[in-house]
Amino acid sequence: MKKSTSPSNYGHQDTQPWYKNYMVIIFVIGLPLFVVVSCLWFVYYSVQIKDTVVRDDWYMDGKTLYQDVSRDKLAHDLDLHGEMVFDKNGQVLFSLNYPKQSLESGKLLDGTALYYPDKLTLSISHATDISKDRDTVLKHTTGNQYTANVKLDPLKSKYYVQVSNEGKLNWRLREVGKLPQERINFLPLRSFD
């Protein structure tokens, strides 16, 4: 029988303690610490930056969402049109146009007397940033003209513009536009044709 001799030198022995090894610092301590700090930051960020509420006529029936389009249908049935002009100094001019037939007869298409409301509600909603939303009242000046002052963000963006009457005839006209722009034409929704 031959006695095996093992070499006494097993290779390079590490003289550093385990916690000073760069592999331990990076992969065992560093990466998990980075993940924990990142998760805490994302939790803080998600609590501070909340989603905004949808601005429209929506209601929930059970678990089903419905959009109330009765105001849009009334504007279509009355054949209302409008034109909004944006002045550079922040003044908004809105012209409410009734159909020619209503102007001649003095009655709206539903039979009620033709009149111009004292005020209309103007809602300008930015597509993504609630801090750029503007709500104001358009005041009746003369004839079919309404005016208001609105300070818009100078950066051109997508906006949802809505003009509505909150009176006895509860209608609204809606359009989408890249504001600031010079004018927006409001037409009743053609989906009711």
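The values are calculated or read from the model by the stated rules, or taken from the named source; none is laboratory data. The shown structure was predicted, so the numbers you read here are calculated from the model rather than taken from an experiment. Ideal geometry is used to build each Cβ from the backbone, glycine not excepted, and the neighbour counts take in all protein chains shown.
Anything in segment 158-170 that is surrounded by fewer than 16 Cβ atoms within 10 Å (Cβ to Cβ) and closer than 15 Å to Pro180 by Cβ? List them, or say none. First the steps, then the outcome.
Taking segment 158-170 first, the residues surrounded by fewer than 16 Cβ atoms within 10 Å (Cβ to Cβ) are 158, 166-168, 170.
The one that is surrounded by fewer than 16 Cβ atoms within 10 Å (Cβ to Cβ) and closer than 15 Å to Pro180 by Cβ: Lys158.
Looking at Asp118 and the list (1) touching a Lys or Arg at 6+ places or on another chain (Cβ under 7 Å); (2) over 16 Å from Gln181 (Cα atoms), which single condition is not satisfied?
Condition (1) is where Asp118 drops out.
Would you confirm, using the coordinates I've provided, whether Leu152 is surrounded by 13 or more Cβ atoms within 10 Å (Cβ to Cβ), in contact (Cβ under 8 Å) with a residue 40 or more places away in the chain, out of contact with any Gly (no Cβ under 6 Å at 6 or more places or on another chain) and within 18 Å of Arg71 (Cα to Cα)?
Against the criterion (surrounded by 13 or more Cβ atoms within 10 Å (Cβ to Cβ), in contact (Cβ under 8 Å) with a residue 40 or more places away in the chain, out of contact with any Gly (no Cβ under 6 Å at 6 or more places or on another chain) and within 18 Å of Arg71 (Cα to Cα)), Leu152 does not qualify.
So Asn144 clears everything in (1) closer than 24 Å to Gln181 by Cβ; (2) surrounded by fewer than 12 Cβ atoms within 10 Å (Cβ to Cβ) except one condition, right? Which one?
(2)
Condition first: at pLDDT below 90, of a type in the set (A, V, I, L, M, F, W, C), closer than 15 Å to Tyr160 by Cα and out of contact with any helix residue (DSSP H, G or I) (no Cβ under 8 Å at 6 or more places or on another chain). Can you find one or more residues in segment 81-101 that meet it?
No, there is no match, as no residue in segment 81-101 is at pLDDT below 90, of a type in the set (A, V, I, L, M, F, W, C), closer than 15 Å to Tyr160 by Cα and out of contact with any helix residue (DSSP H, G or I) (no Cβ under 8 Å at 6 or more places or on another chain).
Just for strands (runs of 3 or more DSSP E) wholly inside segment 133-193: which have at least 2 residues that are under 21 Å from the mean Cα position of the chain (by Cα) and under 18 Å from Asp87 (Cβ atoms)? Before you say what the answer is, go through the steps one by one.
Working: elements: 134-140, 145-149, 157-164, 172-179, 183-186.
Ranges flagged: 134-140, 157-164, 172-179, 183-186.
Of all residues in segment 154-183, how many are in contact with a strand residue (DSSP E or B) (Cβ under 6 Å, 6 or more places away or on another chain), at pLDDT below 90 and hydrophobic (A, V, I, L, M, F, W, C)?
The number of residues fulfilling the criteria is 1.
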